[in-house]
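Below is one structure; the comments refer to it alone.
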Amino acid sequence: MERDTQPRLLQTGRVATDTGGGEQAVVRQLIEVARAVLRDTHHIDSIGVGMPGVLDPGSGITRFIPNIPGNWAGVPVIAEMSKAVQSPARLINDARAFALAEHRLGAGRGATSLLGITLGTGVGGGLILGGQLYLGRDGTAGEFGHQTILPDGPRCNCGNNGCLESLARADAIAAACGQPGAEESVAAARAGDPRAQQGLIEVGRYLGIGASNVVVLVGVDRIVVGGGIAAAGDILLDPLRQELARRVHVADVDRVQVVGAELGIWAGAIGAALFAADPIDPHLHFV
Ligand SMILES: [Zn+2]
């Protein structure tokens, strides 16, 4: 793709989430980040806020965020942000933002329909259908990690049992590989540790079962896998590909490309910014 479509990150920064101060402390942190950018640039056209969990992009209100402590039911993040910074702002789930960014500017360029998968503390997902981000009625479409894979599997943070997330999130990967964390699991598998290799194959299979369901249902032509554990590369992606080939018989799986993400740790932030800059209203176009 042409050079001018590449993201130009003018400024990036990281702050640790204030997990001890509840939801208000996190919202204050988000506002502080926006204010810091405003101090430097003197103008912001729009602000995109990407957050994990269940939230409503239409109203800019969070519903349920299991992985950040706090009472997230009904927190008006966007109203508070817009008031504090005096700029239009929009809220989007970080995995949906990842899918949007990778489709526009990363490993998903040129795909008509795409499934984005993020592997980290949880398992996130996002769908591009017909070239557009598909959010469903209330922004929850694309929740790849919360489809049931094992009917009586482990309890998931969402309340269900046997969700893909309960089998493929970072701590489940570590447990499957006999390692303290997901990063160590990948390193051990690369170094030839048979248990870690077997653990990643098992996780890759679960991901492949989930991806097969999506391919059968909506027929995506590309699957982009990102997040920290995606660094495992083909150790994880090959079992996913094999599972697709084994299970999908109603579509031509040879045409489904399974690739690693390209935009790195900033994909979610880039996608949120793109979403905020996009004039499309999800409630008008994605219901
Ligand atoms: Zn779940």
Output the residues belonging to the stretch 196-240 that are assigned to a strand (DSSP E or B) and touching a helix residue (DSSP H, G or I) at 6+ places or on another chain (Cβ under 8 Å).
Ile223, Val224, Val225, Gly226
When you go through (1) of a type outside the set (Ser, Thr, Tyr); (2) under 21 Å from the mean Cα position of the chain (by Cα); (3) assigned to a helix (DSSP H, G or I); (4) farther than 24 Å from Cys156 by Cα one by one for Glu23, which number turns out not to apply?
(4)
Suppose we filter the stretch 104-141 for residues that are at pLDDT below 95, within 16 Å of the ligand (Cβ to nearest atom) and buried (at least 21 other Cβ atoms within 10 Å of the Cβ); how many remain?
1
Under 7 Å between Cβ atoms, at least 6 apart or on separate chains: pull out the pairs that start in the stretch 241-252 with a residue that is in a helix (DSSP H, G or I) and end on any residue that is of a type in the set (Val, Ile, Thr).
Arg241/Val258; Glu243/Ile209; Leu244/Val215; Leu244/Val253; Leu244/Val256; Ala245/Val253; Arg247/Ile209
Go through Leu207, Leu240, Leu236 for me and flag whichever is in the same structural domain as Gly110 (by TED's automatic domain parsing), in contact with a Pro (Cβ under 9 Å, 6 or more places away or on another chain) and surrounded by 23 or more Cβ atoms within 10 Å (Cβ to Cβ).
Leu207
Can you tell me which condition Val258 does not meet? The list is (1) more than 18 Å from the chain's Cα centre (by Cα); (2) farther than 30 Å from Val37 by Cβ; (3) touching a residue at least 12 places away in the same chain (Cβ under 8 Å), and all the others hold.
(1)
Tabulated pairs, the stretch 148-163, first assigned by TED's automatic domain parsing to the domain that holds Val214 and farther than 11 Å from Gly210 by Cβ, second among the small types (Gly, Ala, Ser) and near the ligand (Cβ under 8 Å from one of its atoms), C-beta under 7 angstrom, 6+ apart or interchain
Gly153/Ser166; Pro154/Ser166; Arg155/Ser166; Cys156/Ser166
Only listed residue being within 11 Å of the ligand (Cβ to nearest atom), in contact with a strand residue (DSSP E or B) (Cβ under 8 Å, 6 or more places away or on another chain) and over 21 Å from Ile229 (Cα atoms), chosen from Gly153, Gly162, Gly145:
Gly153
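The values are calculated or read from the model by the stated rules, or taken from the named source; none is laboratory data. Remember, predicted model here, so these are calculated numbers, not experimental data. All Cβ positions, even for glycine, are placed from backbone atoms using ideal geometry, and neighbour counts span all protein chains on display.
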